[in-house]
Amino acid sequence: MREILTAEQTKKIEDLLSQMTLEEKIGQMNQVSPSIVGGFTVPFEELIEMMTDGRISKEEFSKIMESAEQDYHEDEIRAGKVGSLMVQDPAAVNRLQHIAVEESRLGIPLIFGLDVIHGFRSVYPIAIAEAGSFDVDLFERTAAMAARESRASGVAWHFAPMLDVARDARWGRVSEGPGEDPYLGSVFARAKIRGLQGDRSSPDNYVAACLKHYICYGAVEAGRDYNTVSMAMHLFYNCYLKPFAAAVDEGAVTVMAAFNDLNGVPCTVNKFLLRNILKESLGFPGFVVSDANAIRECVVHGIAEDQADAGIKAAFAGMDMDMGTEIYAKHLKDAVESGKLPLEVVDEAARRILSVKMWLGLFDHPYVSEDLMKKYEVLPQEHIDLAREAAEKSIVVLKNEKNLLPLRKDAKISLVGTLADIPEEVVGAWSISWRKEDCVSIRQGMEAEFENVRYFPCGGPEGDVSYNEAVEAGEYGDVIVAVLGETIAMSGEASSKAEIALPGRQRELLECLLDTGKPVVLVLMNGRPVAIRWENEFMNAIVEAWHLGIRMGDAVAAVLSGKVNPEGKLSSSFPAASGQCPVYYNHMNTGRPGSKSKFTSRYLDCPPESLYPFGYGLSYTTYEYKDLMVAEASPEELEISVTVSNTGQRDGRETVQFYTQDVCASLVRPVKELKRFEKVPLKAGETKKVQVTLPKKELGFYDNDGVYRLEDGLFRFYAGGSSADCLQEELRLSFS
Ligand code: NOJ
C-alpha cells in the first residue's frame, strides 16, 4: 500500500486511535447531511414524490426546502459520533467544526464533502464536454481552480472525478464523466487528481478527490439509472477499471462505491471489488465511502436481511464510511461487541479516514479564515478567463455545409430557442455553488459579439412552439441560429431516457425554420449524445455546445463568429437512433461485422455505425494526414509517427489520435483502441511530424482471470483526426 503520511503523522494517528472508544471510531465512519426536520406538513419522502410527479414544481420544492428547519447534528458531533458532513456554507462549516474541534472529547476535525463536479463558484463545461477538448493541461487547471474555490468555503473533499466509462447515452449520467474511452478516461483521471490534490504547498490549495462510482455504473442495463450490471471480467479489467486504476496510481485518496451490483453483488458490499481489487491489488491507501443511502438499499437489493445485516456486510467488504443512513452509527457497536464484526475492521476504517484528514491538513487547519471566505466574493478575472477557455475548447462542430460557419460579424442573425436566453441553463447537471450574475447566456454572448442579432424565443425542449415567431425569425435573419437540446434536468442523476432524439416539439420547430428558406445553424445544448440523424440530414450546420459553464455564451459566440477556431472532438459517439445504444467505437470484433449483406451484425432500419464517431470534430481549417510509420525503437518500445498538415487558410489545433488493434489473440479484442493522442498547434500551411512512444507492454490485455497477457502476433496501427478516419499500418510483433 502507498503511504500518504510521514512516519511522524502515522504515529500521531496511531496514538489517537489508541485513545478512541469504539463509539468514537465508529463515529468517524458516519457521514451525515443536515436533516430536514420540519417546516412543512407532509413527510419529506412524499414531498420528493410530489416534485417528481409534478404535483408541485421544482421551484415550489426549492422554496419549501429553503424555509425547512434543519438539524445539523450538533449533539452527535459534540459526542464524537460524526466524521463527515455534506455542507457548503462556510459559516456553517466553521460553526460545526468548532464544535468538533473544541467541544468533542478528542477534538477530531470533521471533513466536509460536496458534489463539486465541474467547478465550484466558477462552473466549467460538464465532463463529457471538457473531455472532448483533449486538453490534459486544461483538465488539470480547471480541477485546481475548483479545489481552491471550494476550500475557501471549507469544502475539502470533492465527490469527483466521476470516472465511469459510459457508452449508453440513455443513461443520464453520461454528462458527468469523460465519455466512452478507457484511455481518454485514464488521462482525464490522472489530470483531475493532479489538479485537485497536487498543490500541497498550502492546505488552502488542495482537496481530497473521490473517484466514483466504483464500479461499472456506466454499464447499467438498458441505460436505466441504478440498474443491474453483468459483465465479463476481461471487459471489467481492460475497460471499466482502467480510469480508476490510473487515478489510484496518481494518488487519489478517496473512492465512492457505486449503487449497482456487479455480477450479482452490490458494489456497496462487494469484498472482491473493495478489498481484493482496490485496497490489496491496487494498493489504495485512502478510504471508501458509500453512495448516498446505499448501505440501507442493500436490504431492498435483497442481499441483506435488515439494516444491521447490511451494515455488517458493508463494513466487512471494506466500506469505510456510510453516507447518509447512520446504520454504522446505530449497529456496528453491537456487531463488534457480539462478535459478529471483528474490531480490526472498525480500526482499519477509522485509521484510513483519520489518515486522509491528516493528509488534508485538517488537524492543523480545521477552519476557514474570514479573509479566505471573502476571496472569491467577486470572481477573479483569471477564473472567468479559464471558464471561457474551457468552454471554447470543448465546443464540437459536427456539420458545416458549404462553410456556412463562421458567420460574418454584420450578418443579420435570428437567434431562436428558449434555451438561448436562460443564463441558469449554461451550468449543467450537478452545479451547486454558482451565481446567476456570473453566467452568460448564448443570447448575451451573441449580442455582444455580433452587430445584428434579434431574438425570437419560438420554443424549446419543453412546452409549445410558436410558429408565428419562427416565421418572423425567417423574415428577419440572413441566417437562423437555433439553440435547442435538453434542459439541465434532462441529464445527470435519475435522468435516464428511452428516447434520446431532441425532446418535445423541437423537430417541428426546426421544420418550420427550414420552411422559411433561410440557412439554419443548430446549436445544441445538452448533457448526453442525442440522436440527430434527421437534423444531420437537413440542418446546414450543427454545433455541439453541451452545457459549457458560466462563460458558455461568450464561447459559443466566439466560435460562431470565427474569433475562435473550433477544436473540440467527441468524447462519446453519437448514435443515429436511440435504438443503437450502446454504440461506441471500440466495440469487440464480431464474426460478422455489419455490412450491406443480410446476415451480418446490422439493423434493418439504421446503419450499425454511430452518426458521429468518437474523436470526430470539424475545424474552420482542414488537416491532411500522411506517412504513418511504426518502428521498434527498442526491445521495449515502439515509435509511431505521422505527418499532419494544415491545408486550410486558418491556424488551428488538431487532436492527432493514435489507435491500435490486436488482430488475432486468445480472446476477442476491440476493433480499435485509443493509445495516445497529441494536441498539435498548426499554422495555416504548416506541416508537422507527430511522434509518440508506446511501450510494447501496452499492447497486452487482461483475460477473464485478471491475468495480463502479451501475445505475439499481428497488430494494426492507426492515426487520424477521428476514430473513423485513420491511416493504417501493420506490424508483426514478438514479445519474448
Ligand atoms: C448520489 C450520487 O450518485 C453521487 O454521485 C453523489 O456524489 C452523492 N449522491 C452525494 O450527493
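The values are calculated or read from the model by the stated rules, or taken from the named source; none is laboratory data. It should be emphasised that the depicted structure is a prediction, and the values quoted were computed from it without experimental measurement. A quick note on method: Cβ atoms are made from the backbone with ideal geometry, for glycine too, and the neighbour counts reach across all protein chains shown. SASA here: full protein model, heavy atoms, side chains in, ligands and nucleic acids out. Shrake-Rupley method; radii C 1.70, N 1.55, O 1.52, S 1.80 Å.
Quick notes
- Condition met for Val165 (among the aliphatic types (A, V, I, L, M), open to solvent by less than 10 Å² (accessible area, probe 1.4 Å), out of contact with any Gly (no Cβ under 6 Å at 6 or more places or on another chain) and within 16 Å of the ligand (Cβ to nearest atom)): no
For every residue, the table says whether it meets (1) among the basic types (Lys, Arg); (2) under 23 Å from the mean Cα position of the chain (by Cα).
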site: Pro266; (1), (2): no, yes
site: Lys271; (1), (2): yes, no
site: Gly286; (1), (2): no, yes
site: Ser290; (1), (2): no, yes
site: Gly302; (1), (2): no, no
site: Phe316; (1), (2): no, no
site: Tyr328; (1), (2): no, no
site: Val336; (1), (2): no, no
site: Val346; (1), (2): no, no
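- Hey, Gly463 open to solvent by 10 Å² or more (accessible area, probe 1.4 Å), out of contact with any strand residue (DSSP E or B) (no Cβ under 8 Å at 6 or more places or on another chain) and closer than 17 Å to Met539 by Cα or not: no
- Among the residues listed as Ala246, Ala252, Ala208, the single one being within 14 Å of the ligand (Cβ to nearest atom), within 20 Å of the chain's Cα centre (by Cα) and at negative phi: Ala208
- If you filter the range 289-307 down to residues that are in contact with a Lys or Arg (Cβ under 8 Å, 6 or more places away or on another chain) and open to solvent by less than 40 Å² (accessible area, probe 1.4 Å), you find that the one that is nearest to the ligand (Cβ to nearest atom) is Asp291.
- Contact map, the range 326-346: first residue at positive phi, second residue surrounded by 13 or more Cβ atoms within 10 Å (Cβ to Cβ) and not hydroxyl-bearing (Ser, Thr, Tyr), Cβ cut-off under 8 Å, separation 6 or more or different chains; pairs are Glu326/Asn30; Glu326/Val32.
- Check on Leu548, under 14 Å from Gly460 (Cβ atoms) and either outside the structural domain of Asn403 (by TED's automatic domain parsing) or crowded, with 19+ Cβ neighbours inside 10 Å (or both): no
- Residues that are assigned to a helix (DSSP H, G or I) and open to solvent by 10 Å² or more (accessible area, probe 1.4 Å) within the range 100-117 comprise Val101, Glu102, Glu103, listed in sequence order.
- Residue in the range 42-53 that is assigned to a loop (DSSP other than H, G, I, E, B), modelled with pLDDT under 80, open to solvent by 50 Å² or more (accessible area, probe 1.4 Å) and of a type in the set (Val, Ile, Thr) present: no
- Only listed residue being among the aromatic types (Phe, Trp, Tyr), within 16 Å of the ligand (Cβ to nearest atom), surrounded by 24 or more Cβ atoms within 10 Å (Cβ to Cβ) and at negative phi, chosen from Phe139, Phe120: Phe120
- The residues of the range 54-90 that are among the hydrophobic types (A, V, I, L, M, F, W, C) and not in a loop (DSSP other than H, G, I, E, B), listed by number, are Phe61, Ile64, Met65, Ile77, Leu85.
- The number of residues in the range 639-656 that are of a type in the set (Ser, Thr, Tyr) and either open to solvent by 20 Å² or more (accessible area, probe 1.4 Å) or touching a helix residue (DSSP H, G or I) at 6+ places or on another chain (Cβ under 9 Å) (or both) comes to 3.
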